[in-house]
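Novice: First the structure, then my questions, so here it is.
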């Protein structure tokens, strides 16, 4: 596609429920990243994919968070048993393997009530 | 541990003047630096980058300066325009030849006034 597409754009969920956030990267971009931005904070790294493998998942805050990527394309970030502190904007980005200038999607705003 | 710091949360500049946004880093392994611009309800957009082998990189109205010994970089916007009003993030990474995670600062909100 023309850009990085994320869905849903907004998600309100009850504490304790599971959520799935989807990212559709730019076609041909083998590198894919998930970040999150909490209110008033910078961008916090979560996980990085190169193809379907995740060489760096050091930013996942707990084992409630997981992510997968299939076919070297679409990625899903899953948060189990959501907590209020999970409320944030979750941003996905993609790039060519040598390009540090990522292209970001518009994000998913997650609100846990 | 904040490895990339943007100590000014906000900056206001008159249209036509120079905007200077600052960024400090602590990790000596960082040798590739980028600036991103973010408008509300949009994802960040890549603006300009610099490698540690350089001390300056220009792209139109935007210039990034790097002082490795001080672990400091700055973004200069000349002349500033109202459309430049946005949040600016500094980011850094070790340069490995393969794109990997960036460490971001907390951002500086720039407002360009008429």
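What follows draws every value from the coordinates through simple rules; no lab data is involved. Every value quoted in this text rests on a predicted model; they were computed, and no experiment measured them. Cβ: placed from backbone, ideal geometry, glycine included. Neighbour counts: every protein chain shown.
Novice: Enumerate the residues in the range B:21-56 having an amide nitrogen under 15 Å from the point lying 7 Å beyond the Cα of residue B:111 toward its Cβ.
Specialist: Counting backbone N atoms under 15 Å from the label point, the list is B:40.
Novice: Using a Gaussian network for chain A with springs between C-alpha atoms less than 10 Å apart, which of these wobbles most: A:94, A:53, A:62?
Specialist: Top of the fluctuation ranking is A:62.
Novice: Please give the FRET efficiency for residue B:14 paired with residue B:59, using the beta carbon to beta carbon distance and R0 = 22 Å, rounded to the nearest 0.05. Spell out each step's value before the answer.
Specialist: Values: r = 22 Å, r/R0 = 1.02.
The computed FRET efficiency comes out at 0.45.
Novice: For peptide B:97-109, what's the mean number of Cβ atoms from other chains within 10 Å of each residue's Cβ? Display every interim value, and only then the final one.
Specialist: Working: counts 2, 7, 16, 10, 12, 9, 4, 7, 2, 5, 5, 0, 0.
Per residue, the average neighbour count from other chains is 6.
Novice: Here is a further query. How many nm is it between the label spots at residue A:84 and residue A:111, if each spot is 7 Å from the Cα in line with the beta carbon?
Specialist: That separation, rounded to one decimal, is 1.4 nm.
Novice: How many partner chain Cβ atoms sit within 10 Å of a residue's Cβ in peptide B:43-50, on average, as a whole number? Kindly include the intermediate steps, with their values, before the conclusion.
Specialist: On the way: counts 16, 9, 4, 8, 1, 1, 3, 0.
If you average over the peptide's residues, the count of other-chain Cβ atoms is 5.
Novice: I would also like to ask the following. Taking each residue of A:7-17 in turn, how many C-beta atoms of other protein chains fall within 10 Å of its C-beta, and what is the average? Provide the component values of the computation, followed by the final result.
Specialist: Details: counts 0, 0, 1, 0, 0, 0, 0, 0, 0, 0, 0.
Going residue by residue through A:7-17 and averaging, the value is 0.
Novice: Right, something else. Most fluctuating residue of A:22, A:81, A:69 in a GNM of chain A with Cα springs under 10 Å: which is it?
Specialist: It is A:81.
Novice: Could you tell me the relative contact order of chain B? Use alpha-carbon pairs under 8 Å, at least six residues apart, and round to a whole percent.
Specialist: Working: 271 pairs, mean separation 42.3, N = 114.
Value for chain B: 37 percent.
Novice: Chain A: D in µm²/s via Stokes-Einstein (Kirkwood Rh, Cα pairs, 4 °C, 1.567 mPa s)? Before the final figure, lay out each step's value.
Specialist: On the way: Rh = 13.9 Å.
Here the translational diffusion coefficient equals 93 µm²/s.
Novice: Mind checking the alpha-carbon convex hull of the range B:29-114 and giving the volume per residue in Å³? Don't skip to the answer; put the middle values down first.
Specialist: Details: hull volume 9.1 nm³, N = 86.
Hull volume normalised by residue count: 106 Å³.
Novice: As a test, work out the antiparallel percent of DSSP beta bridges whose residues both lie in chain B, rounded to the nearest 5. Please report the intermediate quantities before stating the final value.
Specialist: Numbers: 36 of 41 bridges.
The answer is about 90 percent antiparallel.
Novice: How far is the Cα center of the range A:71-104 from the Cα center of the range B:3-66, in Å?
Specialist: What the calculation gives is 23 Å, centre to centre.
Novice: Still on this model: Can you pull the one-decimal nm distance between simple spin-label points at residue A:15 and residue A:44, each 7 Å off the Cα toward Cβ?
Specialist: 1.7 nm
Novice: Run the simple label-point estimate for residue B:78 and residue B:26 please: 7 Å along Cα→C-beta, distance reported in nm.
Specialist: With each label point 7 Å from Cα toward Cβ, the separation is 3.3 nm.
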